[in-house]
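None of the figures in this text is laboratory data; all of them are computed from the coordinates on show. None of these values were measured; they are calculated from a predicted model. Counting neighbours? That spans all protein chains shown, and the Cβs are built from the backbone with ideal geometry, glycine included.
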Amino acid sequence: MATKEQTEAAAMAAAGDSAPLEARYTPAEIEAKWEARWETQPELYATEPRSSAKPKYYVLGMLPYPSGQLHMGHVRNYSIDDALARYMWMQGYNVLHPMGWDAFGLPAENAALKNNTPPRQWTLQNIAAMKRQMKRLGLAYDWRNEVTTCLPEYYRWNQWFFLRMYERGLAYRRKSKVNWCPQCATVLANEQVVNGCCWRHEEQIVGQRDLEQWFLRITNYAQELLDDLAKLDGWPEKVRTMQRNWIGRSEGAEVAFELEDPSDGSEDEEKARRAGTALLPAREGVKGTGKKIPVFTTRVDTIYGATSLQLAPEHPLVREMAATDPGLSDAVASLLEQQKKARDAGDVGAIEKHGVFTGHYAINPFNGERLPVWVGNYILMDYGTGAIMSVPAHDDRDCDFAKKYGLEIRIVILPRRTGEAAENGESEALLPYIAEDSLLINSGEFNSLGCVEAQHKMAAYAGEHKFGKATVTYRLKDWGISRQRYWGTPIPMLYCGACGIVPVADSDLPVILPENVEITQTGGSPLARMPEFVNAKCPKCGGKALRETDTMDTFVDSSWYFYRYTDAHNDKAPFATDTVAYWFPIDQYVGGVEHAILHLIYSRFWTKVMRDLGLVRNDEPVERLFTQGMVIRNGAKMSKSKGNVVSPDEMIARYGADATRMYSLFAAPPDRDLEWQEDGVAGVSRFLGRVWRFTTKYEERAKGEVGPSAGLSPESQALLRKLHQTIRKITEDFAGRWHFNTCIAAIMELVNALTAAEGAIGEGKVPDAVLAEILRALVLLLAPFAPYLAFELWEHLGEKSDLLRAPWPKFDEALAREEQIEIPAQINGKLRAVVKVSADADEDTLRDAALADEKIRALIAGKEIVRIIVVPRKLINIVVK
RNA sequence: GCCCGGAUGGCGGAAUCGGCAGACGCAGCGGACUUAAAAUCCGCAGACUCUAACAGGUCGUGGGGGUUCAAGUCCCCCUCCGGGCACCA
């Protein structure tokens, strides 16, 4: 059965027999010709040395994972940065526009299982296939500085960086509870857990495991990563906000509550003591056990309203208490069980609050009251100290919990305005009351202070009395990079029986990832099953040592790859500092918003570490960031499961690379989602055909000199005006707005004007010199968007120069200016007439022109003119009664 | 729940600073060319209404209110769609 493409190809071939060759636009032929030519000129897209007089420009699209097939998202992404790169070349910049492969990662192992192909082979095949597709698209990359992260020449520097970080205490190992995806059979970073599920397996609930893990101390840079967001004014505000939230700085205080020694509790207290729902009042003779429970709070001002402490179920003190209390132990176990069940049910956002009283009390250091200590399932062990003071009157979550378990609720802040106090503060129905614009009550010596002032004074008080201090807590956690997988960078560490943990010596790098590996479904790292990999010699004592078998998170690879492009073949260092200093920061980075947090925050961290190592001089890697929208079809993101995927190969085969690329820029502004409509691609292809036919039809006349623009016919003047308006529009858009959809629309308008003027052109009213100017400029304007056609037509116009470095056309304001313009004339804001005036007509002229208009005169006859608003070049509005 | 986007003809979108809403393209309709079709070219095209026709009129940018001579654009309230975060103390 013939496919649709075959049928269409046959139809095209049949048409080719009859139609005159010169009249037909044949993208397949043109593109094959230029692709072959460019292939023989690898230096075409080369950068110039640092000594170049040209200003540098580093434009970069995010490197793809080599899945084997480009998808439309890639086509869109790379059409944007390619257009910009080409434009900057034509503007005379020394352009770096590289490409590479994020080549480590799980799919290669999955593919190995499925097809019995080794990960390396599978990956390199995919890279070859995708590189072919990129070349077919005509993307302007200098492949000589290609970076492939799974090759030892690259990943040895991951290892080298890891050792440098280890030396500085930035890489460390600790046992930690980790997110575990059973399908990946590996650890996931917090960032890779989406709604409690694996980011790769959206249906897979992530579990927890305790493992020894390697971490990078990104939290050392939390404050700088936050502060420097302010410098990134070339980034979308949305991305900066997401990173700000991710870092999650919050200011507050840490206060230590001492566990009470209940041994001499009074008789009267015994009943209350057992329930654990009420405070025990301060009294003489209360003793502490010496065990401190630090809590973190942003609202230390409400501490007199604290009526219980809540500990995370995993809190070490809870474990300790449970050890001697089987009842508590069971209760906590069931809390954790419930939590797990809720999570398994996919109910992650709002797990119902549960808790259990531990039987212990802790002393509020501010007032000596004893608070019942509870275990609450809503307390997170890995944020703050894993323990909180619960203030039900002034916190949503504590309020829920207290109501459920009948804990005391005590109001300690009231609105400043007493009227509101009656309405809000004193009515329990309206609790919790949270506003910080409030005054303290029931708070001892701090009464009647404002909340914010009280926060400072109380933190200082805690400091003076040595039971607390003002602190800052971040949501950002250290970056766990250990993965129990094969296809990644081996972590260059050894475990020696005698010396303990020992780093691999620099001279022994790279630790090569073995290739003859057997991948099985059993999980755990396959490397651990390879004695020839695991058994090593300790560089310290020469004794037997075991190699670390975990590999690095692939986000390590992409955290610094763009530095390597500047010096891709350096085998002495990751790159030369001077070369990086010339090219960095990246002037423009283009990619999907899905990398707003992970990749972009790790990259920023890596840059700061490299700066502190003296390797780079920039604080930030990326000056300007552009996040393009998704490609969707039938309203949904393209995905295999939805069956709405459009293959770039198919589009290119049917309409050509130029049309495919240009459509992806034309159908929507680049920052918005793009609805893929194949008819639209056909439309762009038709347009390119019109350009082709028009230009080739007049190419002989256009081959001569570009002439003077004085003394021309009105037709010529009109065409030149349109041309210079178009150049102006596109030039301005490239400077920042990037609405390439309207740029392409403007080129279409120009071509429409040209074909509409064919009569005049044929009658000789448009001299050859004018045609020469217009057609050359048209081809130059098209070059960033449809490079194949542009190169072909450039040659047709007799140009020998390389179009990529031909100077971008300059617009002439004088030629772009309209002489006569049409101004709307309104009466009471409603359009009634259009008057034609000279473009520089002043207010009086405009008013007179409008009042002289026959239609206007008729409509205002007999009415009183209240006011006339005249905006030169815009409109006239006559207000009448 | 909180924080960002967004909503404009049959469709994708345009209107950059408050000044002719619907550029450009798709789909559609009519015509030219053709034996015919494809390709190509020319023209029409927001809705409603009036008219034999020409010409006109009214409404119209998710909904409601407001500011203004003038609002897709600014302000307030609401609805829906998309994205991010989500017990972060």
In range of the label at A:ALA858: residues from region A:829-847 whose backbone nitrogen is under 20 Å from the point 7 Å along Cα→Cβ: A:829-836
What does chain A give for Rg and for Dmax, in Å, if only its C-alpha atoms count? 35.3, 115
Relative contact order, percent, of region A:282-394 when contacts are C-alpha pairs under 8 Å separated by at least 6 residues? 45
Kirkwood-based Rg to Rh ratio, region A:583-677, C-alpha trace: 1.12
Suppose every K and R has +1 on its Cβ and every D and E has -1 on its Cβ; what is the size of the dipole of region A:131-238 about the Cα centre, in Debye to the nearest 20? 480
Please report the spacing between the Cα centers of region A:501-554 and region A:127-175 in Å, no decimals. 20
Determine the dipole magnitude for region A:820-880: charges of +1 sit on the beta-carbon of Lys and Arg, -1 on that of Asp and Glu, nothing else is charged, the reference point is the Cα centre, and the result goes in debye to the nearest 20. 320
Compute the separation of the alpha-carbon centres of region A:785-825 and region A:231-276 and state it in Å as a whole number. 63
Relative to the longest principal axis of the C-alpha atoms of chain A, give the angle of the C-alpha long axis of helix A:740-756, reported between 0 and 90° and rounded to the nearest 10°. 10
Give me the percent relative contact order of chain A, please, defined on Cα pairs under 8 angstrom at least 6 residues apart. 14
How much of the pair distance distribution for region A:820-880 lies past 18 Å, counting alpha-carbon pairs only, in percent? 21
Running Debye on region A:267-415 with equal point scatterers at the Cα sites and no solvent, what base-10 log of I(q)/I(0) appears at q = 0.11 Å⁻¹? -0.41
What is the order of A:VAL517, A:VAL834, fewest Cβ neighbours within 10 Å to most? A:VAL834, A:VAL517
So, in nm, how far is label A:ARG529 from label A:LYS637 when the simple model puts each one 7 Å beyond its Cα toward the Cβ? 3.4
If one takes the longest principal axis of the Cα atoms in chain A, at what angle in degrees, from 0 to 90 and to the nearest 10, does the Cα axis of helix A:843-852 lie? 60
Describe numerically, in nm with one decimal, the distance between label points set 7 Å from Cα along Cα→Cβ at A:MET242 and at A:LYS572. 4.0
Quantify how much of the Cα-Cα distance distribution of region A:186-315 extends past 27 Å, in percent. 51
Quick one: what does P(r) look like for region A:667-816 with 5 Å bins over all Cα pairs, in whole %? 2, 9, 18, 23, 21, 14, 8, 3, 1, 0
Once both label points are put 7 Å beyond Cα along the C-beta direction, the A:GLU337-A:LYS881 separation in nm becomes 8.5
Given A:216-228, A:37-49, A:79-91, the highest-first ranking by average Cβ count within 10 Å works out to A:79-91, A:216-228, A:37-49
Angle between chain A longest axis and helix A:106-115 axis [Cα atoms, degrees, rounded to 10]: 80
